[in-house]
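Asker: Sharing a structure here in C-alpha cells format.
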Amino acid sequence: MDAASADRGKPLPALEGLAGEFYRWGAQGELRFQRCSGCGRYRHVPRELCAHCGSPKWVWEGSSGRGKVFSWTVVERPLHPAFAGDAPYAPVIVELDEGVRMLSRVLDCAPDELSIGMAVEVAFSRVTDELYLPCFRRSEV
C-alpha cells in the first residue's frame, strides 16, 4: 500500500508494468486497451501475450468508451473495512463496444436502478494526481 492509498483508506492499483500503462492513459482522459497485432482482438486486463492466438505483438488502441451493463452484484457487507461507508454499492461488469469486459461502477446510478443492457459511457474518477479510475455514467446511446 502506498501513501495515497493510506490517505484514502482504500486499496489502489499498482501503477507499474502494463497495468501502470493502462492507468497512465486514464490520467490523460483516454480509455485504451491492448489490441493484438496478430488476430486484432482487444484485451483487458493488460498482459504480454494474446490469450486467443498467443502473439506477443500488440498496440494500445483507443476505445469508444461506450458499452452496456453486462452484469453486477450488490455488496451489502463489504469485506474490506474501507468500503463499509459505501454500502450498499454495485460492482458492475461493463461490456464495451470493442468486446472487452471490465469491472467498474456506474457513478450516477443506484444499485436498484441498474439493468442488463443499460447503455453507459466512460467517466474518469480522479483518485490521486496520478490515478484516474475508469468508471461509467448512464448514456443515451
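Asker: How many residues does region 91-116 contain that are part of a strand (DSSP E or B) and either modelled with pLDDT under 95 or touching a helix residue (DSSP H, G or I) at 6+ places or on another chain (Cβ under 7 Å) (or both)?
Answerer: 0
Asker: What do you reckon, is Glu61 among the acidic types (Asp, Glu) and surrounded by 17 or more Cβ atoms within 10 Å (Cβ to Cβ)?
Answerer: So Glu61 does not fit the description; no.
Asker: In addition: Tell me whether region 66-74 contains one or more residues that are small (Gly, Ala, Ser), in contact (Cβ under 8 Å) with a residue 60 or more places away in the chain and crowded, with 18+ Cβ neighbours inside 10 Å.
Answerer: Yes, region 66-74 has at least one match.
Asker: Hand me the list of strands (runs of 3 or more DSSP E) wholly inside region 1-90 holding 3 or more residues that are among the hydrophobic types (A, V, I, L, M, F, W, C) and over 13 Å from the mean Cα position of the chain (by Cα).
Answerer: 58-62
The values are calculated or read from the model by the stated rules, or taken from the named source; none is laboratory data. Owing to the predicted nature of the structure, the values given are computational and were not obtained by experimental measurement. A quick note on method: Cβ atoms are made from the backbone with ideal geometry, for glycine too, and the neighbour counts reach across all protein chains shown.
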